[in-house]
Amino acid sequence: MSFHALGLHKRILDAIDDAGYSKATPIQAKTIPAILEGKDLIGLAQTGTGKTAAFTLPLLSELAQKTHELSTRGTRVLIIAPTRELVAQINESIRTYGKYTNLRTAIVIGGASERHQIEKLQSNVDIVIATPGRLMALMEAGHCSFGKLTHLVLDEADRMLDMGFMPDIEAITASLPKRRQSLLFSATLPPQVERLAKKALKDPVTIEVGDRSNPAETVKQFLYPVEQHLKADLLKHLLEDHQFFSVIAFVRTREDADNLAKELHGAGISAEAIHSDRSQNHRTRTLRDFKASKIRVLVATDIAARGLDIPDVTHVINFDFPLQSDDYIHRIGRTGRAGNEGCALSFVTSYDGERLKKLERHIGKTLAKRFADDFNYKVPAPEEPKGRRPQQGKPKRHSSDRFEKSGRSDAKKAAKKTGKPDYRKRNRR
Ligand code: AMP
């Protein structure tokens, strides 16, 4: 469907033309008219479907329409997303699609200077894009004024739930003006997200595009059975093939990510780890270098599995098999984007049997096994020090595991520092 038939403002249509989009994707064709009609909405769509434009285009169009009413400026739109990278990406989309408007945005994320963000918030921006923890902290410290807010977007709601942000989200939404349009996007709809939708949205329409249990059809998927101690060697062996041009290797823990990146580096392969322990500057630089093909292998924890839009990833490698079937779908959705072909290879050990069965039931197909040519699968495992039981193949548990999943909230820290009340406590009562 042509964007011109959807009722968007001329300034937004001009920017879409500049971006080279010829027609709306299915989720855009369905959500844009509903949002322009002012409805609350639950959007369920696979990753890479054009979801960001599906909500930013109509919201920008609405604000562009009302520029004359924005004379008493104040934030009209608040967008909350789980990760800093996703916030930056949404901000970039808004700049692209809103280039012919003079709407102003601010981003609010952890791991970056608070002072700069506070100054930006106080300069009366039209749109705020934020991660929940830092937003909560700045709200509690009295730096946000959302009295004029008309639109709220909760993006990747299920991911925010996984990261432990639900109490923050509930507290934030409860403190916003009641007369507003609210949109919630989520890849899956677990009960807690459904409950949030009931509380935060009014009579929402639900729009679902594609089969949520199925990865994009542009991704070829294979299993590589391998012993745990040979995984790194198998990866290096596969990387001898230059078709593995731009690769994301997913591992389970931050420590594993650092170790694997180091090992690849040692073998002369340009690789960097990305995970929540790295500074925001480092994460931004790593992603920029990966997008510019200066880094060949990005070694990532599940923090990078969702939302990130890197157009030319040739291969996703599940170096460690994902714990949840949904994580598998999100991980492999990093390749085969925007109509390109992609390839997802999963290393499987004998310990992954149950999870593999569960995944195959979830996606409704059996994944084909492959073996790498000329790879020596028979190298024995290194001997364990005496007195220790061999743990070959068993997923390692690190004390750091928890942190990759849980959102570390700035809110608690801020409440302590400022002595101001913690919204979540109030709302829990
Ligand atoms: P998203 O699902 O929001 O991460 O978007 C995935 C990619 O699709 C992004 O690189 C967008 O720039 C691109 N995209 C979004 N809408 C369209 C469209 N209508 N036509 C072509 N590409 C699009």
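The values are calculated or read from the model by the stated rules, or taken from the named source; none is laboratory data. Owing to the predicted nature of the structure, the values given are computational and were not obtained by experimental measurement. Glycine also receives a Cβ, built like all others from the backbone with ideal geometry; neighbour counts cover every protein chain displayed. Accessible surface areas use protein heavy atoms only, side chains included; no ligands, DNA or RNA. Shrake-Rupley method; radii C 1.70, N 1.55, O 1.52, S 1.80 Å.
Between residue 99 and residue 206, what's the calculated FRET efficiency when r is the beta-carbon distance and R0 is 30 Å? Round to 0.05.
0.40
Given a Förster radius of 45 Å and the C-beta distance between residue 122 and residue 292 as r, what FRET efficiency does 1/(1 + (r/R0)^6) yield to the nearest 0.05?
For residue 122 and residue 292, the calculated efficiency is 0.85.
How many percent of the accessible area of the stretch 219-369 is carbon or sulfur, using a 1.4 Å probe?
Exposed carbon and sulfur together represent 47 percent of the surface.
Which links in 39/178; 262/294; 220/262 stretch past 21 Å when you go from one Cα to the other?
Violating the 21 Å Cα-Cα cut-off are 220/262.
Using packing as a proxy for protection, rank 237-247, 136-146, 94-104 so that the peptide with the highest average count of other Cβ atoms within 10 Å comes first.
Packing proxy ranking, top to bottom: 136-146, 94-104, 237-247.
Quick one: what do you get for the stretch 264-386 if you divide its Cα Rg by 2.2 N^0.38 Å?
Here the answer is 1.19, to two decimals.
Taking just the alpha carbons, could you work out the radius of gyration and Dmax for the stretch 114-234, both in angstroms?
Taking only Cα atoms of the stretch 114-234, I get Rg and Dmax of 19.4, 58 Å.
Name the residues whose placed amide hydrogens come within less than 5 Å of the amide hydrogen of residue 348, ignoring near sequence neighbours (fewer than 5 apart) on the same chain.
Result for residue 348 returns 224, 226.
May I ask for the Rg/Rh ratio of the stretch 3-209, computed from Cα atoms with Rh as the Kirkwood radius, given to two decimals?
0.93
Which cross-chain or sequence-distant (5 or more) residues have an amide H under 5 Å from the amide H of residue 208, H modelled 1.01 Å from N in plane?
44
Just tell me which aspartates and glutamates come within less than 13 Å, Cα to Cα, of residue 365; anything on the same chain fewer than 8 places away is out.
Cross-link targets: 217.
How much of the accessible area of the stretch 35-115, probe 1.4 Å, is carbon plus sulfur, in whole percent?
Percent of accessible area from carbon and sulfur atoms in the stretch 35-115: 46.
Can you tell me the length gained on complete extension of the stretch residue 179 to residue 229, counting 0.36 nm per residue apart and subtracting the Cα distance?
12.3 nm
Please give the FRET efficiency for residue 241 paired with residue 22, using the beta carbon to beta carbon distance and R0 = 41 Å, rounded to the nearest 0.05.
It comes to 0.75.
With an 8 Å cut-off on Cα pairs and a minimum separation of 6 or more residues, tell me the relative contact order of the stretch 3-209 in percent.
This gives 29 percent for the stretch 3-209.
I need the GluC sites (Glu not before Pro) found in the stretch 1-101, filtered to DSSP loop residues with at most 12 other beta carbons within 10 Å of theirs.
37
Evaluate the distance, in nm, between pseudo-label points positioned 7 Å from the Cα of residue 217 and of residue 113 along their respective Cα→Cβ axes.
5.0
Over its Cα atoms, what ratio of radius of gyration to 2.2 N^0.38 Å does the stretch 182-275 give?
That ratio works out to 1.60.
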